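Student: Right, I'll just put the structure down here and ask away after.
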Amino acid sequence: METVLIVIHLMVVLALVALVLLQRSEGGALGIGGGGGGGFMSSRGTANVLTRGTAILAVAFFATSLGLSLLARYDERPGSLIDAVPTAPQTQGEGTEGAGNGLLDQLQGSTEPSGPQVPTAQ
């Protein structure tokens, strides 16, 4: 589903860029040259078609962007450090203060290193 939406999004982006480049600029440098007279493909008719097409593609762009962000949000949930640490049963009343079973004690008791390792100095 996500791959299909990405492909649709990329096609909309390419079409939107093409339509924006086809539109007549202030100086008319990149626009489509048109003859005089009224009609569908006159300069005014072409501008209306390109403007409507750009608006439709802009709405499609925002819709696919929102869809992709929602899929990314609900597709993968980031893990939590607290969920990954196994919880040990709490023993109370043993009289050993300072030797608790807190989160830091459990993390220090792990045997595998949890970060980049620096070689020892020679």
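Student: Could you tell me how many of the residues in region 23-45 are surrounded by 14 or more Cβ atoms within 10 Å (Cβ to Cβ) and either of a type in the set (D, E, K, R) or modelled with pLDDT of 70 or more (or both)?
Tutor: 2
Student: What number of residues in region 58-71 are touching a residue at least 12 places away in the same chain (Cβ under 8 Å) and under 18 Å from VAL4 (Cβ atoms)?
Tutor: The first filter runs over region 58-71 and keeps only residues touching a residue at least 12 places away in the same chain (Cβ under 8 Å), leaving 58, 60-61, 64-65, 67-68, 71.
When the remaining residues are screened for being under 18 Å from VAL4 (Cβ atoms), the result is 60-61, 64-65, 67-68, 71.
So the count comes out to 7.
The values are calculated or read from the model by the stated rules, or taken from the named source; none is laboratory data. Computed from a predicted model, the values in this text were never measured in an experiment. Note that each Cβ is placed from the backbone with ideal geometry, even for glycine, and that neighbours are counted across all protein chains shown.
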